[in-house]
Protein chains: 2
Amino acid sequence: MDIKRKDVHNSDTPVLCQACESRHRGVCGALTSDQLLQLSKHSSRRAVEPGTELIGESTQIKNYSNIISGVVKLSKMMADGRQQIVGLQFAPDFLGRPFRKENGVTAEAATEVKVCSFPKTVIERMIGEMPELEHKLLEQTLDELDEARNWMLTLGRKTAGEKVASYLLLIATHAFPENETDTAEFELPMSRMDIADFLGLTMETVSRQFTKLRADGVIRITNNRHVVIPEITRLSDRAGF
Amino acid sequence: MDIKRKDVHNSDTPVLCQACESRHRGVCGALTSDQLLQLSKHSSRRAVEPGTELIGESTQIKNYSNIISGVVKLSKMMADGRQQIVGLQFAPDFLGRPFRKENGVTAEAATEVKVCSFPKTVIERMIGEMPELEHKLLEQTLDELDEARNWMLTLGRKTAGEKVASYLLLIATHAFPENETDTAEFELPMSRMDIADFLGLTMETVSRQFTKLRADGVIRITNNRHVVIPEITRLSDRAGF
DNA sequence: CAAAGTCCTTGATTCCGGTCAATCGGAGGG
DNA sequence: CCCTCCGATTGACCGGAATCAAGGACTTTG
């Protein structure tokens, strides 16, 4: 596993987990600063490169993590290699399946990812002691369930064109949580293959749909990853809602 | 709304909610008998016919329910009428989206359904007071999320044949939670159209796949709804895992 | 029992997206 | 600079599921 030295802290030194102070959706948003300090004694931060497997589908879970930055893809694979990405997680989401030994999905870094991890035992004890923490977890889980169900509509009933438009809107929304203007500009966090695995399509079909959006003047792409959407309402018309 | 008289109780009379005593996954499994009695004062039971809408996609939620018996389908619809069933709920699941005014999906009775409902205000107060209740909710929500993600793999990556086999296995599993033998026999809780909407297919394709399974001797069907699967392992080979 | 209705099945044809294969283009290395 | 590598694009063709259209089985109604 590839760990950048500068981002690694010895897990015995008390480190204030910075991710947990800032935003609303991470596990630690529910904690007081005292509790945070407690947790920090057991936490360790690290940064990993794109492609690094953070959690295996049927490996034992030894620790839970908060995502500090980057995008994590959750995926499932069939015996013959067919793959489906079943969710994306952004900072400051919580990573891990509580109350189970295995978590049923593979978590893999899509971009460079920084995480802040705690041992399973510590976090599960804290859940038992602090109802606010469990409440936070319930809220995130309910949000993830809503997202999963939204995506099921996309997978089951949308055309390739609508799927790609929906994907771009999803990423644009996460890149600019409260965008006022009608223009969006961002880096795609995933390869064409990953996008295909997320949309239940092939790489080639995704590529053709990008080409069509480009030809129609709805989007502009440079370096394969950098996207500009001048009028995002024009794109959402194509997503089919 | 069609309510069978004999199943309706006046919500002012204290009624012990029987659904809540028996099984493990409903909300009330976490409650003591005293708490149950409390809740019963505000609960009302009713039975509805197949097709009855229990919760609208964007209607205000006034109450939450436990499913006592029957199957409830959760679905989403696009502006042009395309529909996707995003989940099935069986007794003793909890029905409703806590902490939100709207719940984003339509809940509709697939079979005859009996539910036990409580006002939103009562249950949300109880959640705040009783951590066990919130824990129960978190566990159900996590299970539903696992199921949703499993189904995303089915929707995105399986063929029509594999989808239908997966559906039959899902229903067989819920009909016989711990089936020892290799034979399964049950009633399909949904029409061909519903199954299609669940699998992201058309009615015709579902029908053809049933015909093929019948021709291959994997299943037997009578009255369109009654299914016998002599060797369920032979079916799961076709589901693709 | 006929008529109508609902749900399901079957057939003929079309078309969207998959498959297979060639090519492009930027990044990096000798 | 050429060469290779890798991801993305493009093209030709194919196939699985959708679409359109009948027809069948069963139930309900008068």
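Read the figures in this text as sums done on the coordinates, not as results from a lab. The structure presented is a predicted model; accordingly, all values stated were derived computationally and were not measured. In this analysis, Cβ positions are derived from the backbone assuming ideal geometry, glycine residues included, and neighbour counts consider all displayed protein chains.
Restricting the GluC sites (Glu not before Pro) of the range A:145-180 to loop positions (DSSP other than H, G, I, E, B) with no more than 15 neighbouring Cβ atoms within 10 Å leaves A:Glu178, A:Glu180. Scoring B:217-223, B:194-200 by mean Cβ neighbours within 10 Å over their residues and listing the highest first yields B:194-200, B:217-223.
With 27 Å as the limit, write out which pairs from A:Lys158/B:Lys62; B:Lys76/B:Lys158; A:Lys73/A:Lys158; B:Lys73/B:Lys101 have Cα-Cα distances beyond it, or answer none.
The pairs that break the limit, which is 27 Å between Cα atoms, are A:Lys158/B:Lys62.
Within 10 Å of the Cβ of each residue in B:131-138, the mean number of Cβ atoms contributed by other protein chains is 5.
How far is helix A:131-157 tilted, in degrees, relative to the longest principal axis of the Cα atoms in chain A, given as a value from 0 to 90 rounded to the nearest 10? Helix A:131-157 sits roughly 20 degrees off the main axis of chain A. Shielding by partners for peptide A:156-166, expressed as the average number of C-beta atoms from other protein chains within 10 Å of each residue's C-beta, is 3. Placing a label point 7 Å from Cα along the Cα-to-Cβ direction at B:Lys212 gives distances to the equivalent points in the other copies of 2.6 nm, listed shortest first.
Here, chain B has an Rg and a Dmax of 18.9, 57 Å when only alpha carbons are counted. The charge dipole of the range B:158-239, taken about its Cα centre with unit charges on the Cβ of Lys, Arg, Asp and Glu (plus for the first two, minus for the last two), comes to roughly 380 debye. Scaling the Cα radius of gyration of the range A:158-237 by the globular reference 2.2 N^0.38 Å produces a ratio of 1.00. The same position B:Thr183 in the other copies lies at 7.1 nm from this copy, comparing label points 7 Å beyond Cα toward the beta-carbon, shortest first.
Of the trypsin sites (Lys or Arg not before Pro) found in the range A:101-147, the ones in coil according to DSSP and having at most 16 other Cβ atoms within 10 Å of their Cβ are A:Lys101.
Pairing the Cα long axis of helix A:203-215 with the longest principal axis of chain A, what angle in degrees results, from 0 to 90 and rounded to the nearest 10? Result, in degrees: 60.
Modelled this way, with points 7 Å down the Cα-to-C-beta line, the labels at B:Glu180 and B:Glu102 are 5.1 nm from one another.
Here B:Glu231 yields copy-to-copy label distances, from shortest upward, of 6.1 nm, the label point defined as 7 Å from Cα along Cα to C-beta.
Would you tell me the mean number of C-beta atoms belonging to other protein chains that fall within 10 Å of each C-beta in A:93-101, as a whole number?
Mean partner-chain Cβ count within 10 Å for A:93-101: 2.
The stretch between A:Glu187 and A:Leu36, if pulled fully straight at 0.36 nm per residue, gains 51.1 nm over its current Cα-Cα span. Axis angle, to the nearest 10 degrees, between helix A:160-175 and the longest C-alpha principal axis of chain A: 40 degrees. Cβ crowding within 10 Å, taken as a proxy for footprinting-reagent exposure, orders B:Ser236, A:Ser75 from fewest neighbours to most as B:Ser236, A:Ser75.
Dipole size of chain B about its Cα centre, with +1 on Lys/Arg Cβ and -1 on Asp/Glu Cβ: approximately 560 debye, rounded to the nearest 20. Rounded if a/c is under 1.5, else prolate if a/b is larger than b/c, else oblate: which is the protein assembly as shown, with a ≥ b ≥ c the root eigenvalues of its Cα gyration tensor? Note, shape of the protein assembly as shown comes out oblate.
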